[in-house]
Amino acid sequence: MMPRLTVDCMPHMKILITGSAGHLGEALMRTLANGPHEAVGVDILRSPFTHVVGSIADRAVVDACMKGVDVVLHAATLHKPHVATHRRQDFVDTNITGTLNLLEAAVANKVRSFVFTSTTSTFGDALTPPRGAPATWITEDVVPIPKNIYGTTKVAAEDLCQLFHRNQQLPCLVLRTSRFFPEEDDVAERRAAFEEANLKANEFLYRRVDVEDVVSAHLVAMEKAPSLGFGKFIITATTPFTREDARELGTDAPAVLRRRVPGYEAIYATQGWKMLHVLDRVYDNERARSLLGWTPRYDFARVLHSVSAGIDPRSELARAIGSKGYHAS
């Protein structure tokens with residue numbers, strides 16, 4: 001049975017979900033189907049969760065979708081894997097022009113909450129310290145240094161959201177999500193060195209989040225947007241590490257993990273798993289937990305418990321969605 005992550009305390013609303021055929025869009029559509037609200041999905045791809053097939057870069061499509069909408073959950077995007085297959089202009093059209101179209105239509109239709117799904121990839125080169133340096137502790141105060149067209153267009157879209165809050169008083173929150181996709185890692189060296197399940201378990205320590213927790217973050221964000229006005233939040237699993245661990249994480253991450261999570265090695269040994277020798281960064285979700293009141297359920301401790309019990313550590317929602325890929329072939 002799918003988890004109920006609903007917002008029953010809020011009055012009935014019409015919620016527009018962009019990118020409804022994607023990982024997060026489908027997760028949002030599945031979850032909202034359990035609640036009292038009307039969810040409308042828009043995507044360029046047909047799917048069981050897409051009501052309107054069309055591009056957010058087409059203003060006429062956006063205007064038609066926005067009629068009577070109370071909340072926009074904007075998850076549609078060209079992703080990092082598309083950098084190798086799409087033109088830079090395609091990223092501008094979808095990630096910037098598409099977001100601008102949605103923001104303008106949201107203002108015109110007096111939308112009460114706008115939630116923009118961004119990415120921790122916006123931090124770019126700020127994530128990678130010199131070899132042997134402490135792991136970079138990533139909070140919302142770190143200044144992004146985008147390293148490709150994907151990151152650049154997502155930062156520009158974030159800035160558009162802030163502009164529309166400041167000038168048009170649109171309540172708008174930006175959620176910078178860490179990795180939640182099930183596809184294999186995009187770095188060949190990591191794929192060669194680790195089993196995929198081992199790699200994803202390690203990532204819950206510093207750079208991964210379950211899609212169910214991403215959905216719950218969007219639902220609390222749409223409720224909080226009118227009172228907060230604007231804000232950027234890192235959405236990631238809660239790390240067992242502290243900022244004081246950063247220096248040693250850059251030289252001997254297993255030693256730090258042994259202190260923070262005693263007994264992890266025995267559980268890893270049953271799977272033939274290993275820990276990364278060093279970490280280059282750790283994402284900190286404290287601001288999202290404190291200001292949004294967001295409570296993520298999936299973390300490294302839960303992964304260990306699931307592995308010990310012989311249970312799939314992914315949420316039921318993640319298992320239901322499965323793997324979609326980013327290209328037709």
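The values are calculated or read from the model by the stated rules, or taken from the named source; none is laboratory data. The shown structure was predicted, so the numbers you read here are calculated from the model rather than taken from an experiment. Virtual Cβ from ideal backbone geometry, glycine too; neighbours counted across all protein chains shown.
Summary of values
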| read-out | value |
| --- | --- |
| Residue match in segment 241-250 (condition: surrounded by 19 or more Cβ atoms within 10 Å (Cβ to Cβ), among the aromatic types (F, W, Y), more than 17 Å from the chain's Cα centre (by Cα) and closer than 30 Å to H218 by Cα) | yes |
| Test: residue in segment 166-184 that is surrounded by fewer than 16 Cβ atoms within 10 Å (Cβ to Cβ), under 23 Å from V278 (Cβ atoms), in contact with a helix residue (DSSP H, G or I) (Cβ under 9 Å, 6 or more places away or on another chain) and not aliphatic (A, V, I, L, M) | yes |
| Some residue of segment 123-133 being among the acidic types (D, E) and crowded, with 18+ Cβ neighbours inside 10 Å | no |
| Test: residue in segment 187-203 that is of a type in the set (A, V, I, L, M), touching a residue at least 24 places away in the same chain (Cβ under 8 Å) and in contact with a Ser or Thr (Cβ under 6 Å, 6 or more places away or on another chain) | no |
| Hey, P254 surrounded by fewer than 18 Cβ atoms within 10 Å (Cβ to Cβ), modelled with pLDDT of 95 or more and under 30 Å from L103 (Cβ atoms) or not | no |
| Condition met for G35 (under 28 Å from P226 (Cα atoms), touching a residue at least 12 places away in the same chain (Cβ under 8 Å) and touching a strand residue (DSSP E or B) at 6+ places or on another chain (Cβ under 6 Å)) | no |
| Failed criterion for T295 (all others in (1) polar (S, T, N, Q); (2) surrounded by fewer than 19 Cβ atoms within 10 Å (Cβ to Cβ); (3) assigned to a helix (DSSP H, G or I) hold) | (3) |
| Verdict on T236 being out of contact with any strand residue (DSSP E or B) (no Cβ under 9 Å at 6 or more places or on another chain), surrounded by 14 or more Cβ atoms within 10 Å (Cβ to Cβ), touching a residue at least 12 places away in the same chain (Cβ under 8 Å) and polar (S, T, N, Q) | no |
| Qualifying residue in segment 200-215 (condition: touching a Phe, Trp or Tyr at 6+ places or on another chain (Cβ under 6 Å), closer than 20 Å to P262 by Cα and among the polar types (S, T, N, Q)) | no |
| Single match in D185, D213 (criterion: touching a Leu at 6+ places or on another chain (Cβ under 6 Å) and either of a type in the set (D, E, K, R) or in a loop (DSSP other than H, G, I, E, B) (or both)) | D185 |
| Selection count, segment 147-175, where residues are outside any helix (DSSP H, G or I) and over 17 Å from the mean Cα position of the chain (by Cα) | 5 |
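Residue-wise test of (1) polar (S, T, N, Q); (2) touching a Gly at 6+ places or on another chain (Cβ under 9 Å).
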{"residue": "S47", "(1), (2)": "yes, yes"}
{"residue": "H51", "(1), (2)": "no, yes"}
{"residue": "V61", "(1), (2)": "no, yes"}
{"residue": "D70", "(1), (2)": "no, no"}
{"residue": "H74", "(1), (2)": "no, yes"}
{"residue": "K80", "(1), (2)": "no, yes"}
{"residue": "L100", "(1), (2)": "no, no"}
{"residue": "A108", "(1), (2)": "no, no"}
{"residue": "F114", "(1), (2)": "no, no"}
